[in-house]
1. Out of Ala83, Ala29, Ala17, Ala72, which single residue is of a type in the set (A, V, I, L, M, F, W, C), modelled with pLDDT of 90 or more, surrounded by 14 or more Cβ atoms within 10 Å (Cβ to Cβ) and touching an Asp or Glu at 6+ places or on another chain (Cβ under 7 Å)?
2. If we keep just the residues of region 52-69 that are out of contact with any strand residue (DSSP E or B) (no Cβ under 7 Å at 6 or more places or on another chain) and loosely packed, with under 14 Cβ neighbours inside 10 Å, which is farthest from Arg130 (Cα to Cα)?
3. Please state which of the following conditions Val57 fails to meet, knowing it meets all the rest: (1) closer than 15 Å to Asp122 by Cβ; (2) part of a helix (DSSP H, G or I); (3) in contact with a helix residue (DSSP H, G or I) (Cβ under 9 Å, 6 or more places away or on another chain).
4. Scan region 90-142 for residues that are of a type in the set (Gly, Ala, Ser), over 22 Å from Val67 (Cβ atoms) and in a helix (DSSP H, G or I) and jot them down.
Amino acid sequence: MFAVALFTLGFILHELAHKFTAQSYGLWAEFRLSTVGVLITTISILSPLKFIAPGMVLIAGSATREVFGRLAFAGPLANLVLAFLAMLGSLALPAGGMRQVLEIGSWVNTYMALFNLIPFGDFDGLKIFRWNKGAWALIVVLSLALLAFASGFVL
């Protein structure tokens, strides 16, 4: 159950990062609930593979490829920051329940960042890749390194 709560927190922070970054560029941004997304999220809670995406931030306005790349970058970056903070917190705690929750939180948020970095379709990864291949490669490598480290805790 903690994993679902941590995944949900990561999702919310990911989407808020998109929204606030878009607004900082003077663009309109609003979270919209998706009926299909809610259905997929509900089904995934009962399955071993979790996919929590009940909606997304819609962005409108005139912007360059660079701005859209930066907007896309903000979501996975928020997940990596949260994952890194959870990892640091877990290292500061003795073995026990709260440490394990933070370890799972680190793994879940790193996984979420990496999943969103797939350069395909509407994923953030494609927007970042089209904007700056070096930035995409850097954040993917950081995500993989953090996932490897976090997997040592969780597995």
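1. Details: Ala83 fails: touching an Asp or Glu at 6+ places or on another chain (Cβ under 7 Å); Ala29 fails: touching an Asp or Glu at 6+ places or on another chain (Cβ under 7 Å); Ala17 fails: touching an Asp or Glu at 6+ places or on another chain (Cβ under 7 Å).
Unique residue meeting the criteria: Ala72.
2. Pass one, region 52-69, residues out of contact with any strand residue (DSSP E or B) (no Cβ under 7 Å at 6 or more places or on another chain): 52-53, 62-69.
If we keep only those that are loosely packed, with under 14 Cβ neighbours inside 10 Å too, we end up with 62, 64-66.
Details: Ser62: 17, Thr64: 11, Arg65: 8, Glu66: 9 Å.
Restricting to residues being out of contact with any strand residue (DSSP E or B) (no Cβ under 7 Å at 6 or more places or on another chain) and loosely packed, with under 14 Cβ neighbours inside 10 Å, the top hit is Ser62.
3. All conditions are met except number (2).
4. Listed by number, the residues that qualify are Ser90, Ala92, Gly97, Gly105, Ser106.
The values are calculated or read from the model by the stated rules, or taken from the named source; none is laboratory data. The model shown is predicted, which means the values in this text are computed figures rather than measured ones. Neighbour counts run over all protein chains shown; Cβ positions are idealised from the backbone, glycine included.
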